[in-house]
Amino acid sequence: MTDTPLAIIGAGLAGLTAARIAYEAGIRPQVLEASDRIGGRIDSIRGSDGQIVGDLGPTWVWPPFQPGVPRWLERLGLGTFEQYDSGEAVLDGFAERPVCQPLPGQYGMARIAAGPGSLVDAMAAELPDDAIQTGHAVNAVRHHDDGRLRIEAAGREPLIAERVLIAAPLRIVAERIQLPADIGAPLQDMLRAMPTWMAAQAKAVIRYPRPFWRESGLSGRIASRLGPLFEAHDHTSLDGEAALFGFVATPPVQRGAETLRKAIIDQLTRCLGPQAAAPTDVVIRDWADAPWICADADRHGPPEHPRVGPERLRSAHLDGRLWFCGAETAAQSPGLIEGALLAGEAAAQAAVQRLQGAA
C-alpha cells in the first residue's frame, strides 16, 4: 500500500485542475486515470509537429458569459479567437435541394487558440512526472481502519488517502465504483440521475487543404434533417489548418466507421460542392465507445444536458474525506469546459483547506 495526502480519481480537465490547485498549495496529489491518456472528454488531433489541429471533444467557450474561462486562460497564458461564422449557412433536408441562407450566430462563442487540449497540456505541465498514473481504473473507495480512505484500482496496490476527489462523470461513478455504504442511497440516486454531457455523442473532424467554403461565401455551417451530421461548423485553426467538424446524428448502434465516413463525405459534397469530396483526413471520435466516459444510462437513454445539481453534489462527504468534482457537479456551466475548471478548483480548495487545517 502507498499513502498520499490527496488522491484524485480521473485525469480529465476537472481532475487536472484540482491537482494543479493542490500542488500549488504545497500538497502533492496522486491522480489515477482509468484510460491510457489524460484529458477525459478533451481529445485532440495533432499534426506531425505535435500541434493541435482539431478537437474531438468540446470546442467552444463563451468568455462574456463564463468568467471562469478567461480567468484560467489568462493564468495559463492561453488566448481565444471567434468561431468563424461569416457567410451563409446551408440548410440540408428542408427542401428538395440544400438551401443557402444566413443563420443567426451565437454571441460570444469562441475557440481556444491552441485548442482545448492546450488546457490539458498546461495543467499537467506543472505537476510532477509521477503525479498521474494512467491505465488504473478505480473500482472501489472504502474506509481504511485508521479513518482514511482506501482506493482500490486495477493493476496497482491500494492507495491510502487522507482526502479523495472523484473527478469522473457521476453516472460512471455510480455504475463502476463501489463507494462506502454510508455515502447513502439518496446520494447514489443523485449520481445516477446526472447525465454526462455529450457522452453518447460522436464527433467528426474533416480536414481539407484549404477552407474552400469560405471562398464561396459560405460559413461552413450546416443544419441538417438528413445527416449523418445534423450540425456542422468551420473548424479551421488559428494557424489556417482547414477543417470542418460535425456532430453525428446516427444512433450509436449504426456508426460503422467506413459507412459513416462515406456518408459524411457524401453529405458535405451535397451541401458544399464537389471540393468537399476530397478531404485529406476524416477522424471520427465515438464517445459512446469510451467506457470511462459514457455510462450505460447515457448510452441507452435520451440525450440530456445536465442542469445545475443539488448542493449536496458539491459538499464534503464521509466526514470531510471525499468530494465529487466532475464537470457535471459545477454550480455554473455544468458539463462544459468552464464547469470542469470551476468544479475541480472548488473541490481542491476545500480539500486543501481541510488538509492544512489538520496539519
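If I model a spin label at Q353 and D3 as a point 7 Å from the Cα along the Cα→Cβ vector, what separation in nanometres do I get?
2.6
Cα axis of helix 257-272 to longest principal axis of the chain: angle in degrees, 0 to 90, nearest 10?
50
Report the residue, chosen from E152, E258, E96, that carries the largest GNM mean-square fluctuation when the chain is represented by alpha-carbon nodes joined by springs under 10 Å.
Of the options given, E96 has the highest mean-square fluctuation.
Tell me the carbon and sulfur percent of the accessible area for the range 30-187, rounded to whole percent, probe radius 1.4 Å.
Values: 3380 of 6980 Å².
Of all accessible area on the range 30-187, carbon and sulfur atoms account for 48 percent.
For the range 77-133, what's the radius of gyration and Dmax over Cα atoms, in angstrom?
Answer for the range 77-133, Rg first and Dmax second: 19.2, 58 Å.
Quote to one decimal, in nm, the extra length available between D129 and L226 on full extension: 0.36 nm per residue of separation minus the C-alpha distance between them. Each step should come with its number before you reach the end.
Numbers: separation 97, 0.36 × 97 = 34.92 nm, distance 4.74 nm.
Length gained, D129 through L226: 30.2 nm.
When the chain is modelled as a GNM with alpha-carbon springs shorter than 10 Å, which of A348, A204, A185 fluctuates the most?
Maximum fluctuation in the GNM of the chain, among the listed residues, is at A185.
Out of every Cα-Cα pair in the chain, what percent are more than 37 Å apart? Please list the in-between numbers first.
On the way: 14033 of 64261 pairs.
Counting pairs separated by more than 37 Å, the tail of P(r) holds 22 percent.
Suppose a student asked you for the relative contact order of the chain, using Cα pairs under 8 Å spaced at least 6 residues apart; what percent would you report?
Values: 796 pairs, mean separation 81.6, N = 359.
For the chain, the relative contact order is 23 percent.
What is the magnitude of the charge dipole of the chain about its Cα centre, with +1 placed on the Cβ of each Lys and Arg, -1 on the Cβ of each Asp and Glu, and no other charges, expressed in debye to the nearest 20? Kindly include the intermediate steps, with their values, before the conclusion.
Values: 34 positive and 43 negative charges, 85 e Å.
In total the dipole reaches around 400 debye.
P(r) for the range 1-154: what percent of alpha-carbon pairs falls in each 10 Å bin, starting at zero?
Binned Cα distances yield the sequence 10, 30, 28, 18, 10, 4, 1, 0.
If each residue of separation counts as 0.36 nm, what is the full-extension length gain between T269 and E82 once their alpha-carbon separation is subtracted?
Working: separation 187, 0.36 × 187 = 67.32 nm, distance 2.58 nm.
Separation in residues times 0.36 nm, less the Cα-Cα distance, equals 64.7 nm.
Among DSSP beta bridges whose residues both lie in the chain, state the antiparallel percentage, nearest 5.
65
Roughly what would the spin-label model give for A331 and R255, points 7 Å off Cα along C-beta, in nm?
The modelled label-to-label distance comes out at 3.4 nm.
Along the charge dipole of the range 215-359, which of S216, G246, V352 sits closest to the positive end, that is, farthest toward it, with unit charges on the beta carbon of Lys, Arg, Asp and Glu (+1, +1, -1, -1)?
V352
Can you find, among H144, C100, A204, the residue farthest towards the positive end of the dipole of the chain? Put +1 on the C-beta of Lys and Arg, -1 on that of Asp and Glu.
With unit charges placed on the Cβ atoms, the residue in question is C100.
Taking H as built 1.01 Å from N, whose amide H comes closer than 5 Å to the amide H of N139, not counting residues under 5 places away?
Amide H neighbours of N139, under 5 Å, 5+ apart: E152, A153, A154.
At 0.36 nm per residue, minus the direct Cα-Cα distance, what do Q188 and E215 gain on full extension? Give it in nm, one decimal, please. Could you put the intermediate results ahead of the total?
Numbers: separation 27, 0.36 × 27 = 9.72 nm, distance 5.31 nm.
Taking 0.36 nm per residue and subtracting the Cα distance, the gain is 4.4 nm.
Would you mind working out the accessible area per residue for the range 119-208, using a 1.4 Å probe, and quoting it in Å²? Kindly include the intermediate steps, with their values, before the conclusion.
Details: 3310 Å² over 90 residues.
Heavy-atom SASA per residue in the range 119-208 reads 37 Å².
Could you tell me which residue out of A331, P302, P279 lies farthest along the dipole of the range 250-350 toward its positive end? Charges go on the beta carbon: Lys and Arg +1, Asp and Glu -1, centred on the Cα centre.
P279
Just flag the trypsin sites (Lys or Arg not before Pro) in the range 253-359 sitting in loop per DSSP whose Cβ has no more than 10 other Cβ atoms within 10 Å. Mind dumping the intermediate values first?
Numbers: sites: R255, R261, K262, R270, R285, R299, R307, R312, R314, R321, R354; in loops: R255, R307, R321.
Passing both the DSSP loop test and the Cβ count: R307.
The values are calculated or read from the model by the stated rules, or taken from the named source; none is laboratory data. Bear in mind the structure is a predicted one, so any value in this text is a computation, not a measurement. In this analysis, Cβ positions are derived from the backbone assuming ideal geometry, glycine residues included, and neighbour counts consider all displayed protein chains. Areas reflect the complete protein model, heavy atoms only, side chains present, ligands, DNA and RNA absent. Shrake-Rupley method; radii C 1.70, N 1.55, O 1.52, S 1.80 Å.
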